[in-house]
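Below: the structure, in structure tokens.
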Amino acid sequence: MDTDALTHPTDPEVATHALAEAATAAGYAPSIHNTQPWRWRLTADTLELSLVRGRVLTITDPEGRLATLSCGVALHHARVALAAQRWDATVTRMPPGDPDLLARLHVEQRSPVDSASTLHLRSIPLRHTDRRPLAGAPVGPADLAAITTAVQAEGTNLHTLKPDQILELAAAADHAQRSEIGDPAWQAELAYWTGDTAPPGTSVPDTAIPDRATQTTVPGRDFGHHGDLPVSAAHDKAATFVLLYGDTDEPASWLRAGEALSAGWLTATERGVSVLPHSAPIEVIAARQALRAMIASVGHPFLVLHLGTTDPADTAASHTSRLPAEQLIDRA
Ligand SMILES: Cc1cc2nc3c(=O)[nH]c(=O)nc-3n(C[C@H](O)[C@H](O)[C@H](O)COP(=O)(O)O)c2cc1C
């Protein structure tokens, strides 16, 4: 055995290892209903990200908008991991030929130490969805500005809803939930991804679903049953709602929006700000149009985020499980 190769790996071997680590870090990414609709293909110096159609929610998300956005989060997590390992990655988004091939990451040269990415890499496993009422202190202007800057740096926009727009959002979210709940096929899809029917390592577990209705202005996802997550009776009056939106409504923008969501959410995590995505008003076209009117039709809404801080007395929210890396990474 060439022991020298083990103790002194060549740059190409280090690059392949860094790409494998990046795909593994990407496994922590949030996704709609925890479907994790992505797959990586690893070669010596390249990592390819593909959308897995079998884990796209065909009723809730027929165009794959939220699945592609989820893949974008995974892409940004992988970019963070490469930068933290001092690799300069070239990213090719939506390479021609295969519509499900979303991005190709290629590493060739080393980059200087990047302390922001090192911090983000540490935050990746800590980030989680918080469905408890965010009844602590309001999000401060410096935190909101930092989250907005992080989102904008990834080519996506963030609009902070004004109080009257939060009431409009509440109406749109309520309309969206009612129309979805009225559809038996939608209910069956939700039940599949919130029960023990979904593939092990996917789905939203009861430990992440509130044990009673939360007191909130904008209704969160109705999972059809109460879970085991203890929530207080406090009202999240102080919560901030922001709208993530892009210039065009197409897969390339959805992917970028996912990268922006990752950048904003990791920044929020580092600043003690809790995040809960609301996608029901995006899933139903009439509600999506109502959100579009709130930004005077200058862009296309992709996701609503509920931001806030929790009551310090609340226990930490639990983490959801993930598919094992071997099921998500193909090695050529
Ligand atoms: C695009 C997208 C849409 C989501 N929509 C909702 C939603 O409407 N309601 C909700 O409670 N959680 C929503 N989530 C959160 C996911 O359910 C969550 O990310 C997943 O279960 C994994 O849990 P974690 O974020 O705690 O790791 C969404 C996440 C993403 C990425």
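Details
- From largest to smallest, the equivalent ellipsoid semi-axes obtained for segment 3-126 from the alpha-carbon gyration tensor read 28, 16, 12 Å.
- From helices alone, the chain scores -12000 deg cm²/dmol at 222 nm; the rule is -39500 (n - 2.57) for each run of n ≥ 4 DSSP H residues, then divide by the residue total.
- About its Cα centre, the dipole of the chain is roughly 440 debye, where the only charges are +1 on Lys and Arg Cβ and -1 on Asp and Glu Cβ.
- Rounded to 10°, Cα long-axis angle of helix 65-84 versus longest principal axis of the chain: 40
- For segment 204-211, Karplus couplings with θ = phi - 60° (6.51, -1.76, 1.60), whole Hz, Gly/Pro x: 8, x, 4, 5, 9, 9, x, 7
- Axis angle, to the nearest 10 degrees, between helix 11-26 and the longest C-alpha principal axis of the chain: 10 degrees.
- Computed over all pairs of different Cα atoms, the Kirkwood value for the hydrodynamic radius of the chain is 20.3 Å.
- Crossing angle, helix 285-294 versus the chain [Cα axis fit, 0-90 degrees, rounded to tens]: 90
- Karplus-derived 3J(HN,Hα), 6.51/-1.76/1.60, for each residue of segment 42-59, Hz, glycine and proline x: 9, 10, 3, 10, 9, 10, 10, 10, 10, 7, 9, 4, x, 10, 8, 7, 5, 8
Only the coordinates and a few stated rules stand behind these numbers; no lab work does. It should be emphasised that the depicted structure is a prediction, and the values quoted were computed from it without experimental measurement. Positions of Cβ are generated from backbone atoms using ideal geometry, with glycine treated the same way; all protein chains shown enter the neighbour counts.
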